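Everything on this sheet refers to the single structure shown next.
Each reported figure results from applying straightforward, stated rules to the coordinates on display, with no laboratory input. Given the structure is predicted, the values throughout are model-derived calculations rather than measurements. Neighbour counts are summed over all protein chains in view; Cβ atoms, including those assigned to glycine, are modelled from backbone coordinates with ideal geometry.
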Amino acid sequence: MTDSELTKVSQEELSNIDEFDENVYSSDYKRLIRCTPCPEENNFLVCEYDFSEVSVICDYACSDKTCGYFYLDKEIEVNLPEGITHIGDFAFKGRNIDWLEIPHSLTYMGRDPFALSSIYRIENKNEIFVVRDGSIIDTQENKLIHNISSEGKVTIPDGVVEIGEYSFSRLEMPMKRDTYSHKKEKDLTLIIPSTVHTIGDHAFQRNNLKSITFIGIPETIGEAIFEECTLLETIYVPKGAKAKFSELLPEYASIIDESGEGVNQIVYRNFLKSNGITDFYLIDYMWKFNIYGYIKDELFHFSDEQGNNLKREDIGIPNGVIVFDLVNEKYQWLKEKSSCKGKGIAVDGNNHISWIGHNENFYIKVSTNQIVIHKCEAIDDFVEQAQIGRNYNHRARLFGDNNDLPITSIDERWYYYTNKGKIKIICDGDLHPDQFDKIEVKNYKVGLSWKHFIIISKDYKWGFITLDNKYVKPIYSMIECLNNPYFFIVQKPDGCLGIASVYGEEILGTTNRYLNVDVVHCQGLDLIATTENNIYILCCEHDSRGEHDYSYRCSSLEIKPSEIMKLEIGNVYRFNYGRKQKTQFVYILKKDGKHLVFDNYGYDITDSDEYYKWKEHNWEVKNIIYDITPKEEKKIDNTFETSEHLNSADDLPF
């Protein structure tokens with residue numbers, strides 16, 4: 001008995017079936033002749049069949065022809081267990097199938113068992129009947145049995161020689177055009193390779209097919225293959241084949257198109273592929289005529305649809321780098337600061353290529369002769385975030401006239417890389433004209449965002465790229481970073497010292513032969529700077545209304561360090577109407593026994609009303625900058641706590 005005969009139901013078997021019988025088996029219980037699904041307990045929303053005892057499912061066994069009317073609108077799960085070897089013709093025709101599992105044991109499948117059905121998911125364990133791009137394909141017969149795709153472009157694999165009956169048919173169209181709700185129907189476009197020589201009856205019945213492209217000319221086309229395909233607009237055929245297809249499909253002669261737009265690029269792509277040329281696609285740029293691109297020998301080539309090579313100047317493509325995103329079988333021009341939706345490719349002025357990525361979010365910046373390709377991933381490490389705020393791991397590279405160099409990303413604007421031992425900096429895709437020997441980056445949080453202060457070295461001198469992106473040429477012989485990140489000690493080649501800000505401004509001019517800096521971190525007071533002739537108070541404050549994000553203040557105390565016995569920073573606390581208040585003063589004890597008090601702005605308040613308002617309250621030493629008082633005389637009134645010396649007397653120059 002042949003495979004097809006095994007699934008047939010004889011007249012004798014039919015005569016023994018009562019119309020009220022639910023499940024009917026052959027005498028040996030190995031063949032299922034008719035079956036009604038078993039409803040689950042969830043209000044019959046999903047039903048399933050029990051195939052545990054059978055090995056053959058006969059023709060029409062579970063179809064709308066034999067199944068009870070009550071079950072026809074229910075979703076069913078078709079879990080074919082191991083042991084099922086045969087499924088007959090149209091076995092599940094017209095059913096709403098939620099899930100289909102094909103077992104390893106299956107060896108025979110008749111005419112589309114799932115004709116006019118709706119299948120949503122397939123799990124396949126079989127090696128004879130494989131699933132490719134939503135199609136169940138019989139690999140022994142090279143026959144497409146059924147396809148479940150509902151939208152997008154479907155290309156039938158090369159090598160398929162037959163498209164079976166009802167193979168693209170549907171129980172109902174996924175979504176029809178609705179004028180009132182403005183919903184779009186799900187369109188399906190289909191490409192049939194030249195290997196297909198037979199298309200069965202009703203192959204595309206009741207499908208949301210919008211266009212179909214024939215690469216070759218089938219020998220046989222069955223009856224009513226486009227029955228109920230109400231969305232079908234165009235049938236693309238090879239040039240010169242319109243007359244033949246008009247004979248095969250006379251009722252569709254008016255929508256047969258042999259202009260080549262839907263066919264020739266595919267034919268040519270297959271020709272190029274056979275010659276080792278890959279990635280041949282239509283280029284979607286700015287032109288009104290068809291231009292194609294393909295890759296050969298790691299170079300990008302431009303071509304017309306006949307395969308003639310074109311130069312950039314022939315088609316108006318600018319010199320320098322251009323980026324394409326391979327989406328929907330087209331090379332689409334990618335604008336700056338855009339992300340790749342498909343497989344991105346960068347092409348430089350000499351048509352060298354660099355792949356950007358596939359389905360990843362990339363930040364891209366293009367200039368005349370180079371491209372920065374950047375990916376940014378947030379780091380979720382709590383400790384690191386606690387130290388420097390929101391942090392990122394940047395991965396980037398430079399591509400263009402410098403030939404695909406690895407680069408370091410500072411953020412999505414700033415990058416640097418090393419070429420021939422020199423460091424080059426890029427900002428917004430533009431290459432900085434200078435090149436440097438060393439680079440250091442300091443991070444600053446301004447509001448909710450991060451900014452960067454870049455220190456660079458050239459010819460043994462140091463300079464800045466400031467927080468507001470201004471360039472301070474390398475003029476300093478030394479730059480020293482302090483624990484306070486908003487100030488830097490700078491030194492000129494003549495040896496003179498000063499203090500600069502992150503905006504490159506010299507807050508304290510480079511005129512000092514001696515400079516000692518103590519980081520204070522008090523409210524309204526950041527640094528105490530001591531020179532040969534004076535003492536200075538320096539402060540940095542956030543300024544949302546000014547030109548910069550921070551404003552700086554440098555106040556002179558107008559007292560010579562040689563006159564001082566002790567200098568300390570103190571906190572004074574008091575309660576005013578039940579509220580605790582605090583202020584900071586700079587307290588100086590001179591060698592002649594007199595004392596001076598300065599506020600955070602450097603104003604002398606020794607005999608002021610403000611100082612007397614606080615004088616009677618508790619004084620707590622915050623920092624002792626220096627102290628040359630003998631140890632037995634160090635104790636002062638109202639001192640609760642004394643911090644360690646930041647500088648000993650031995651360190652003082654006076």
Karplus ³J(HN,Hα) for the stretch 486-495 (6.51 cos²θ - 1.76 cosθ + 1.60, θ = phi - 60°; Hz, whole; x = Gly/Pro) runs 9, 10, 9, 7, 10, 9, 7, x, 7, x
If amide H atoms are modeled at 1.01 Å from N in the peptide plane, then the residues at a separation of 5 or more from residue 75, or on another chain, having amide H under 5 Å from its own are 47
Each label sits 7 Å from Cα toward the beta-carbon; between residue 227 and residue 592 the label points are separated, in nm, by 11.7
Expected unfolding gain across residue 604-residue 511 under the 0.36 nm per residue rule, minus the alpha-carbon gap, is 31.0 nm
Contour minus Cα-Cα span, residue 142 to residue 172, at 0.36 nm per residue, comes to 8.1 nm
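Between residue 82 and residue 201, what length comes free when the chain is fully extended (0.36 nm per residue of separation minus the Cα-Cα distance, one decimal in nm)?
Numbers: separation 119, 0.36 × 119 = 42.84 nm, distance 3.14 nm.
This chain segment gains 39.7 nm when fully extended.
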Given pairs 594/615; 30/65; 560/582 and cut-off 19 Å on Cα-Cα distance, the over-length ones are 30/65; 560/582
Scoring only Lys, Arg, Asp and Glu (+1, +1, -1, -1) among other residues with Cβ under 14 Å from the Cβ of residue 220 yields -4
Taking 413, 31 and counting other beta carbon atoms within 10 angstrom, the fewest-first order is 413, 31
Bridge orientation stat for the stretch 149-262 from DSSP, antiparallel percent rounded to 5, came to 5
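Please compute the net charge surrounding residue 597, taking Lys and Arg as +1 and Asp and Glu as -1 over other residues with Cβ under 13 Å from its Cβ.
Details: positive: 566, 590, 594, 613, 615; negative: 568, 599, 604, 607, 609, 610.
Once positives and negatives cancel, what remains is -1.
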Residue-ordered couplings for the stretch 594-601, obtained by feeding phi - 60° into the Karplus form 6.51 cos²θ - 1.76 cosθ + 1.60 and rounding to whole Hz (Gly and Pro as x), are 7, 10, 10, 10, 10, 8, 5, 9
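Can you flag which of 442/473; 335/461; 8/153; 242/330; 438/492 are past 28 Å Cα-Cα?
Working: 442/473 18 Å; 335/461 39 Å; 8/153 37 Å; 242/330 26 Å; 438/492 18 Å.
The pairs that break the limit, which is 28 Å between Cα atoms, are 335/461; 8/153.
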Using alpha carbon centers only, the stretch 201-265 is separated from the stretch 546-563 by a whole-angstrom value of 84
So for R0 = 41 Å, FRET eff. of residue 484-residue 420 from the Cβ-Cβ r, to 0.05, ends up at 0.65
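If packing is taken as the average number of other Cβ atoms within 10 Å across a peptide's residues, how do 308-321, 140-153, 105-118 rank, most packed first?
Numbers: 308-321: 13.3, 140-153: 18.5, 105-118: 22.0.
Per-residue Cβ counts within 10 Å, averaged per peptide and sorted highest first, yield 105-118, 140-153, 308-321.
Below 15 angstrom from the Cβ of residue 534, what's the summed charge of the other residues (Lys, Arg +1; Asp, Glu -1)?
Values: positive: 513, 560, 590; negative: 518, 532, 558, 563, 604.
The answer is -2.
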Two pseudo-spin positions, 7 Å from Cα along C-beta at residue 244 and at residue 438, lie apart in nanometres by 7.5
Here FRET efficiency (C-beta to C-beta, residue 459 to residue 553, R₀ 45 Å, nearest 0.05) is 0.85
